[in-house]
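Data block below; observations after.
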Amino acid sequence: MDQVPSSPGGRSRRVRRKTQSVPDDLSTDEQLMIRQAIENSKLDTGISDGQEIASIPPGAVYHPTVEEFKDPLVYIAKIRKEAEQYGICKVVPPPGWNPPCHVDMSSGKRFETKRQLVHKLQQGITFDDGDMYTPAEYQSFASDQTKRWKEAHYPDRDMTLAELEKDYWSIVETGKTEYVAEYGNDIDCTEYWSGFPLSTRGRSMNGTNVNTGEGLPEPEYGSEEYYRESWWNLNNISNTPGSVLRHVRVPINGVNVPWLYMGTLFSTFCWHNEDNYLYSINYHHKGSPKQWYGVPGTKEDADGLEKVFKNFLMQRMKEAPDLLHHITTMFSPILLRKAKIPVCKLVQFPGEFIVTFPRSFHGGFSYGPNIGEAVNFATPDWIQHGAAANERYRVFAGPSGF
């Protein structure tokens, strides 16, 4: 844990601050921003340097065998006791896993994006709508954006992930470099595409509804049929034997039907935990890596993150008490470490899964153009967390996902 230095005599020295005031001739929004800046200046919010970010410990990483990989819920239950202490974990499939991405890159269908002002992510500002793109158009846009950043900052060599991570937090924390990312988030897999093929045995909520695979053997690992019928296929995981969500017989986007995500350099999934405190699983189909940060889902740690959030955005919280649920705010994990809240990080590469545990806060960003997919799931141990989430929704007068 980080230590706060004290004076030589063992007592912290207190510096008397001059009273700071806000000019009366500013707009209400400008006055709020200045008041928040004054409040934040009283906190220990020094800009995170590369060394501090690099010192964040890694999350848990698992490499199941083909036998262990048969059933995701059984495997996650096996690693849960250790992995949930990190809030998030990475699962690397066994050798031979190589499913093709089924997103139709030649499709003329356009999807919506959100316009993220990365240099203002600490302010909790609502994202405006960005442009609409076909998959090929978005790929071109995202590739060009990454290329422009390299030409401007690393013209003579390749960029490292450590350098880009430092660049990202410099943009977020200082706001000195304006940077806009258009993020294709929450793309409806039933209306557009899933990166996984749909089951022909009735396992996909958005596939065939009749179980035509009764009594058939499981497909051979790594075969075309395996990727269609595997329980690790995110279209199928909610119907895995032992899944609580098997009993939800209507499709709910993001809950038992996946969302698709198209990212670009520094597009951000801001700090949040899942609706109803469900588990989530994210698969990286193709493209540049994603950077993840996670906090354990204990009540103490989740409440601790919320306290840091409220202190950091006190003025905005007065306007929107449920601001954290808007998923529009990012702040450095170093702030959490300084508040003695455990935080870890993981880099997700193509072909890898990230699992988030109930109530765990998580967030991160992309290192360049990529395609991902995510969905919720629930095991019997989730039920206690679901009850806590319902109480939380009651307090905030918000609806649950069911």
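The values are calculated or read from the model by the stated rules, or taken from the named source; none is laboratory data. Only a predicted model underlies this, so the values are computations on that prediction, with no experimental measurement involved. Cβ atoms come from the backbone with ideal geometry, glycine included; neighbour counts cover every protein chain shown. Protein only, heavy atoms only, side chains kept; ligands, DNA and RNA dropped before computing areas. Shrake-Rupley method; radii C 1.70, N 1.55, O 1.52, S 1.80 Å.
Table for the structure above
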quantity: Odd one out for TRP193, checked against (1) in a loop (DSSP other than H, G, I, E, B); (2) open to solvent by 30 Å² or more (accessible area, probe 1.4 Å); (3) touching an Asp or Glu at 6+ places or on another chain (Cβ under 9 Å); calculated: (2)
quantity: Subset of segment 284-297 (residues that are open to solvent by less than 10 Å² (accessible area, probe 1.4 Å) and either under 17 Å from GLN139 (Cα atoms) or of a type in the set (Asp, Glu) (or both)); calculated: HIS284, LYS290
quantity: Residue check for LYS114: out of contact with any Cys (no Cβ under 9 Å at 6 or more places or on another chain), touching a residue at least 40 places away in the same chain (Cβ under 8 Å) and over 26 Å from CYS189 (Cα atoms); calculated: no
quantity: Criterion violated by GLY87 - all others in (1) on the phi > 0 side of the Ramachandran plot; (2) at pLDDT below 65 satisfied; calculated: (2)
quantity: Qualifying position, being over 18 Å from the mean Cα position of the chain (by Cα), under 20 Å from HIS284 (Cβ atoms) and not polar (S, T, N, Q), among TYR154, TYR179, TYR192; calculated: TYR192
quantity: Residue within segment 46-65 that is modelled with pLDDT of 50 or more, closer than 26 Å to PHE196 by Cβ, open to solvent by 30 Å² or more (accessible area, probe 1.4 Å) and out of contact with any Lys or Arg (no Cβ under 8 Å at 6 or more places or on another chain) present; calculated: yes
quantity: Restricting segment 330-340 to residues that are assigned to a loop (DSSP other than H, G, I, E, B) and open to solvent by less than 10 Å² (accessible area, probe 1.4 Å), the residue that is farthest from PHE127 (Cα to Cα); calculated: SER332
quantity: Some residue of segment 228-240 being at pLDDT 90 or above, of a type in the set (Asp, Glu) and either at positive phi or surrounded by fewer than 24 Cβ atoms within 10 Å (Cβ to Cβ) (or both); calculated: yes
quantity: Segment 261-288: number of residues that are farther than 20 Å from THR126 by Cβ and part of a strand (DSSP E or B); calculated: 10
quantity: Test: residue in segment 379-402 that is buried (at least 24 other Cβ atoms within 10 Å of the Cβ) and either assigned to a loop (DSSP other than H, G, I, E, B) or at pLDDT 95 or above (or both); calculated: no
quantity: Enumerated strands (runs of 3 or more DSSP E) restricted to segment 40-156, each holding at least 2 residues that are closer than 23 Å to PRO296 by Cα; calculated: 60-62, 88-91
quantity: Residue within segment 197-217 that is at pLDDT 95 or above, more than 21 Å from ASN376 (Cα to Cα) and open to solvent by less than 60 Å² (accessible area, probe 1.4 Å) present; calculated: no
quantity: Answer residue from segment 166-182, given it is surrounded by 20 or more Cβ atoms within 10 Å (Cβ to Cβ) and either without any contact (Cβ under 8 Å) to a residue 60 or more places away in the chain or among the acidic types (Asp, Glu) (or both) and is nearest to PRO369 (Cα to Cα) among those; calculated: GLU182
quantity: Scan of segment 241-267 for residues that are among the small types (Gly, Ala, Ser) and surrounded by fewer than 23 Cβ atoms within 10 Å (Cβ to Cβ), ordered by number; calculated: GLY242, SER243, GLY254
quantity: Looking only at segment 268-283, and only at residues there that are under 20 Å from TYR367 (Cα atoms) and either surrounded by 23 or more Cβ atoms within 10 Å (Cβ to Cβ) or among the aromatic types (Phe, Trp, Tyr) (or both), the one that is modelled with the lowest pLDDT; calculated: TRP271
quantity: Some residue of segment 133-142 being open to solvent by 60 Å² or more (accessible area, probe 1.4 Å), at pLDDT 95 or above and within 15 Å of PHE266 (Cβ to Cβ); calculated: no
